[in-house]
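Down below is the structure, laid out as structure tokens.
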Amino acid sequence: MSYEPETHPLQAVILRKLLFVKNATFSELQKGSEVTSDHFSFHIRKLVDEGFVEKKASGYQLTRKGKEYANRMDTDENEIERQPKVSVAITIERNGVDGTREFLFQQRKKNPYYDFWGRVGGKMRWGETVIEAARRELKEETGLEAELEYRLLYHKRDFDKNTGKLLEDKIFLCVYANKFTGKMIESFEGGVNRWMTHEEFQLQPKRFTSVDEFKQLMDDGVPFAEREFYYDEIEY
């Protein structure tokens, strides 16, 4: 996973200018900046070193990496926009010994939301399809392989219960399977896996209440849902 530090304001100005032209000279980019040539040159070099900008005979232009990065810019505020995280959420179902419906749940053993119970899942990687991401996460975290099908898009926003500050903004692409193979991994570095009925899941003191309705939404064939949830500092 890559970490992108906050873009320097002057570098953001340069990226914005290059976003709307094919290329630009040094003087065209510097115009209106009210900084010295040495200062401006330093920030262009930083963008070149980071692989966002390249210098051609016709002037400076965005690289492929720079185009992707600058395209996420709020051009009114000259800053890179934070965007929702896109993850897969995997519902695996089986019939229990007495014929009751059991689902595979996972307890988080990492922050944030340490010890919370929810569905198996994780972030999508660049270039993956929904099913590819779900297969990878399922295999990595449970050891299972399954015939997965897409069911639901679930937009979940988590807020601080006391301040109202947005903590997490996530889009879950939810998939389902009731046919699977392999031996389940009971625990791994980031969590613990367990089969439970929905009623047993609801008895867990720490659980993602969004999961409470996943089953019903899928059973009812609802294609989209959007919800808000509130957590205190200890829970997060």
Item to complete: Take the alpha-carbon positions of the stretch 9-80, form their convex hull, and give its projected area averaged over all directions (one quarter of the hull surface) in nm².
Response: 4.4 nm²
Discussion item. Taking the square root of 5 times each eigenvalue of the Cα gyration tensor, what semi-axes in Å does the equivalent ellipsoid of the stretch 87-138 have, largest first?
Written reply: 23, 17, 6
Practice prompt. On a C-alpha basis, how far is the centre of the stretch 183-236 from the centre of the stretch 105-176 in Å? Whole number, if you could?
Written response: 10 Å
Discussion item. Residues of the stretch 134-168 with backbone nitrogen within less than 14 Å of a virtual label 7 Å along the Cα-to-Cβ line of residue 227, please, listed as ranges.
Written reply: 152-159
Discussion item. Kirkwood hydrodynamic radius, computed over distinct alpha-carbon pairs, for the stretch 137-200: how many Å, to one decimal?
Written reply: 14.5 Å
Worksheet item: Among 166-177, 51-62, what's the highest-first ranking by average C-beta atoms within 10 angstrom per residue?
Response: 166-177, 51-62
Discussion item. Need one number: nm distance between label points at residue 216 and residue 55, each 7 Å from Cα along Cα→Cβ, rounded to one decimal.
Written reply: 6.3 nm
Item to complete: Quick one: angle between helix 130-142 and the longest Cα principal axis of the chain, in degrees between 0 and 90, rounded to 10, please.
Response: 60 degrees
Worksheet entry | Difference of contour (0.36 nm per residue) and Cα-Cα distance, residue 46 to residue 67 | 6.0 nm
Worksheet entry | Violating pairs (Cα-Cα greater than 19 angstrom) within the set 156/215; 109/165; 22/67; 139/183; 22/55 | 109/165
Item to complete: For the stretch 168-174, just list the computed ³J(HN,Hα) in residue order, Karplus coefficients 6.51, -1.76 and 1.60, θ = phi - 60°, integers in Hz, with x standing in for Gly and Pro.
Response: 9, 10, 10, 10, 9, 9, 9
Worksheet entry | Per-selection Kirkwood Rh - the chain (Cα, Å, 1 d.p.) | 20.8 Å
Discussion item. Please state the shape class of the stretch 100-236: rounded when a/c is under 1.5, otherwise prolate if a/b exceeds b/c and oblate if not, all from the C-alpha gyration tensor.
Written reply: rounded
Worksheet item: To one decimal place, what Kirkwood hydrodynamic radius in Å is obtained for the stretch 4-128 from all pairs of distinct Cα atoms?
Response: 18.1 Å
Worksheet item: Counting only residues 5 or more places away or on other chains, whose amide H sits under 5 Å from the amide H of residue 180 once H atoms are built in the peptide plane?
Response: none
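Values in this text are rule-based calculations from the coordinates and carry no lab data. Owing to the predicted nature of the structure, the values given are computational and were not obtained by experimental measurement. FYI the Cβ positions are ideal-geometry reconstructions off the backbone, even for glycines, and counts take in every protein chain you see.
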